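In what follows, a structure is listed as structure tokens, so that the remarks can point back to it.
Here, each number is a calculation from the coordinates, and none is a lab measurement. As the structure is a prediction and not an experimental result, all values here were calculated from the model. We place every Cβ from the backbone using ideal geometry, glycine too, and count neighbours over all the protein chains shown.
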Amino acid sequence: MDEERKTVIITGASRGIGHHTARCFLERGWKIITCSREDTPDECGRDENWTCHFPADLSDPNSVSNFIDEVNKVVGDGPIHALVNNAGMSPKTPYKERLGCLNGDLDAWKEVFEINFYAALRLARGFAAPLHRGKGSIVNVTSIAGHKIHPFAWSAYSISKAALSALTREMANEFAALDVRVNAVAPGEIETSMIQPEYEALIPRIPLDRMGSPQDVAGTIYYLCSEDASYVTGTEIWVTGGQHLF
């Protein structure tokens, strides 16, 4: 791998925030390594800067382990400069009802935590050595729902994101010994395929009076991975248009 270019790993990169984050890094000259349950879109596969993509199921610890092994083979003794833990899920019961404290199979809760929480921890551990070599940055994508009751995000998702926020704080403290910074980005209402028509009712609660775009989140993630944020660690940046103020 070309050591003159920085390298970032991005999970959940096939669509939404993850896809736009990958494009953001590409446009700034970074090499990217990605994973998602799906393969890359064709236009990304044709881009010579799209270094590697590995289909991986982050709800399966064995699949996560295989992804770590494959990436470390590609990187070799080189550095990784950033890890973006973007992949996440907000599942519903078979009756299209979100998982709450009083409903839903607890095994479904476990799958939520595997993807939204444990995958981030497993990947951070698995890439700790090359991140240390790159004096890199980890960015965890949390959520406004991890901090307050959200009408469309129920308990399993919200609690997993709250746990990821706490993990960010603890990782920032421990990874500092490796010269690795750890921060989080907490999006609010972002216009992706996950947004349903009922979300329009939330716009009056947003001081900027609009939903955010995936690019709004991607730009914030890039900032936290850049030299401009070289003294920023243990921080969670709200990307909510001010919705978190209320």
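Before moving on, here are some points about what is shown:
- Shown for the stretch 7-245: lysine pairs separated by 8 or more places, or found on different chains, whose C-alpha atoms are under 30 Å apart, numbering 15.
- Antiparallel content of DSSP bridges confined to the stretch 7-245, in %, to 5: 5
- Simple point charges give the picture: +1 on the Cβ of Lys and Arg, -1 on the Cβ of Asp and Glu, and for the chain a dipole about the Cα centre of about 500 debye.
- With helices as the sole contributors, the chain gives -10500 deg cm²/dmol at 222 nm; each DSSP H run of n ≥ 4 counts as -39500 (n - 2.57), and the sum is divided by every residue.
- Cβ-defined net charge surrounding residue 52, 11 Å radius [Lys, Arg +1; Asp, Glu -1]: +1
- Fluctuation leader among 27, 38, 111 - the chain, Gaussian network, Cα springs under 10 angstrom: 27
- A protection proxy built from the mean count of other Cβ atoms within 10 Å ranks the segments 100-106, 20-26, 161-167, 215-221, most packed first, as 20-26, 215-221, 161-167, 100-106.
- Its residues counted as N, the stretch 88-193 yields a C-alpha radius of gyration over 2.2 N^0.38 Å of 1.17.
- The chain, Rg to Rh (Cα coordinates; Rh as Kirkwood inverse mean 1/r): 0.95
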